[in-house]
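A.B. asks: Handing you this structure, nothing more for now.
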Amino acid sequence: MDLRLTDKVVVVTGAASGIGQATARLLTEEGAVVVGVDRDPVDAGLGARGTAVQADLTDPAAPARVIAAVLEQHGRIDALVNNAGGLQARSSFLDITDEQWLATFDLNFHAARRMSRAAVPAMLGGGSLVHVGSDSARLPEIGNMDYAAAKLSLLALSTSLATEFSPRGIRSNVVIPGPTRTPLYDRPGGFGDQAAELWSTDRESAITRMVTEIRPLLTGRIGQPDDVAQVVAYLVSPLSRQVTAAEWDVDGGALRQI
Ligand SMILES: NC(=O)c1ccc[n+]([C@@H]2O[C@H](COP(=O)([O-])OP(=O)(O)OC[C@H]3O[C@@H](n4cnc5c(N)ncnc54)[C@H](O)[C@@H]3O)[C@@H](O)[C@H]2O)c1
């Protein structure tokens, strides 16, 4: 299937790793010109025409600067994928400090909000916003309550953006990954190790517990970055022109809501 992405300029945040990197690579393979934004260097998946912008998106000034740089270099923006995000394992509501709550919202909500605000004026008349949420928004746990609240806010943001801007050509949708095997779990000191410490086990056992007990997955396998990237690419593509204000779960059936 031709996703009709040739020469489309797509900004992907969190493109240095995991789901963002897989998304950048797939969009590039489909002919898009991808701008990968990350606080780390984006050194793969952008092809010959793509560009990387290094920025900490929790800096309130960064999104406007990033979008200005994209417009200067490429002259247009057809889509924005708000994917950068992450979490720290928590042990109790009582132990989460104000600073931690604010940092979680800065990364998982305000970065996407500011990126959207900066990009929308350049997308009027035709564009797609795709926000990467989390199954945690609908299945909060003790270990992720600040992250769950921030990702739930992202759902409200996306629907509000869809309501205001779909009539002006910009669709807005959320992709909801369930447990997906990325460096978020696997990097040393990452969520896998943090969960292992909470549950007094090793990383591999913690991840197995996550997808069999905490989030039993009907598919019987943890997700891979490409599983999510393929849905993001469809929502970026004009083939999804009738899809807006929607949530697309890519979670192996973990949520199975009716
Ligand atoms: N992996 C999962 O199981 C899972 C499940 C549900 C939702 N998600 C969501 O998917 C998205 C991608 O996660 P992933 O698993 O690929 O994680 P990842 O850690 O592999 O990649 C996240 C990327 O975001 C970048 N990033 C983090 N903070 C940043 C900042 N302040 N400024 C700029 N870039 C920053 C990181 O450098 C990294 O490259 C996140 O929003 C995450 O919350 C992941």
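Bear in mind these aren't lab numbers, they're just calculated from the coordinates by the rules spelled out. Keep in mind the model is a prediction, meaning the values are calculated, not measured. We place every Cβ from the backbone using ideal geometry, glycine too, and count neighbours over all the protein chains shown.
A.B. asks: For Thr212 paired with Arg49, estimate the spin-label separation in nm (one decimal), with each label point 7 Å from Cα along the Cα-to-Cβ line.
C.D. replies: Each label point lies 7 Å from its Cα, and together they span 4.7 nm.
A.B. asks: Please check: in the Gaussian network model of the chain (C-alpha springs, under 10 Å), which one of Arg187, Arg39, Arg90 has the largest mean-square fluctuation.
C.D. replies: Comparing Arg187, Arg39, Arg90 in a Gaussian network model of the chain, the most mobile one is Arg187.
A.B. asks: Report ³J(HN,Hα) in whole Hz for each residue of region 22-28, in order, from the Karplus equation J = 6.51 cos²θ - 1.76 cosθ + 1.60 where θ = phi - 60°; Gly and Pro get x.
C.D. replies: 5, 5, 4, 5, 5, 4, 4
A.B. asks: Running a GNM on the chain with Cα contacts under 10 Å, which residue among Thr13, Thr23, Thr201 ends up with the highest mean-square fluctuation?
C.D. replies: Between Thr13, Thr23, Thr201, it is Thr201 that shows the largest mean-square fluctuation.
A.B. asks: Put a dot 7 Å past each Cα toward the Cβ at Arg241 and Gln88; how far apart are the dots in nm?
C.D. replies: Inter-label distance under the simple model: 4.7 nm.
A.B. asks: Between Val53 and residues 5 or more places away or on another chain, which pairs have amide H atoms under 5 Å apart, with H built 1.01 Å from N, and which residues are they?
C.D. replies: Here Gly36, Val37, Asp38 satisfy the definition.
A.B. asks: Separate question: Given charges of +1 on the Cβ of Lys and Arg and -1 on the Cβ of Asp and Glu, with all other atoms neutral, how large is the dipole of region 191-258 about its Cα centre, in debye to the nearest 20?
C.D. replies: 260
A.B. asks: Additional query: Please report the spacing between the Cα centers of region 167-201 and region 85-139 in Å, no decimals.
C.D. replies: 12
A.B. asks: Moving on. Nothing charged except the Cβ atoms of Lys and Arg (+1) and of Asp and Glu (-1): what's the magnitude of the dipole of region 78-192 about its Cα centre? Round to the nearest 20 debye.
C.D. replies: Roughly 380 debye for region 78-192.
A.B. asks: Taking amide H atoms as placed 1.01 Å from N in the peptide plane, list the residues 5 or more away in sequence, or in a different chain, whose amide H sits under 5 Å from that of Asp249.
C.D. replies: So Asp249 has HN proximity to Ile176.
A.B. asks: Also, quick follow-up: Would you please state which residues of region 81-95 a label at Asp202 would reach in this model, taking the label point 7 Å out along Cα→Cβ and a backbone N cut-off of under 16 Å?
C.D. replies: So the set is empty, nothing qualifies.
A.B. asks: Same structure, new question: Suppose only helical runs count, i.e. DSSP H with n ≥ 4. What mean residue ellipticity at 222 nm does that imply for the chain under -39500 (n - 2.57) per run, divided by all residues and rounded to the nearest 500 deg cm²/dmol?
C.D. replies: For the chain, the value works out to -11500 deg cm²/dmol.
A.B. asks: Placing unit charges on C-beta atoms (Lys and Arg positive, Asp and Glu negative, everything else neutral), compute the dipole magnitude of the chain about its Cα centre in debye, rounded to 20.
C.D. replies: In debye, rounded to 20, the chain gives about 780.
A.B. asks: Please work out how much length the chain gains when fully extended from Leu255 to Arg168, using 0.36 nm per residue of separation minus the C-alpha to C-alpha distance, in nm with one decimal.
C.D. replies: Extra length from Leu255 to Arg168 when fully extended: 28.1 nm.
A.B. asks: Continuing with this model, one more query. Considering amide H positions built from the backbone, and no H for Pro or chain starts, which residues 5 or more places from His131, or on another chain, come under 5 Å of its amide H?
C.D. replies: Here the answer is Asn82, Asn173, Val174, Val175, since their amide H atoms fall under 5 Å of that of His131.
A.B. asks: Further question on the same structure: Fully extended, how many nm does the chain gain between Asp59 and Glu29 (0.36 nm per residue separation, minus their Cα-Cα distance)?
C.D. replies: 7.7 nm
A.B. asks: Go through Val132, Ala162, His110 and say which Cα lies farthest out towards the positive end of the charge dipole of region 93-164; charges sit on Cβ, +1 for Lys and Arg, -1 for Asp and Glu.
C.D. replies: Towards the positive end, the residue furthest out is Ala162.
A.B. asks: A further question on this structure: Would you mind telling me which residue in Ala206, Ala148, Ala84 has the biggest mean-square fluctuation in a Gaussian network model of the chain, where springs connect alpha carbons within a distance under 10 angstrom?
C.D. replies: The residue with the greatest mean-square fluctuation here is Ala206.
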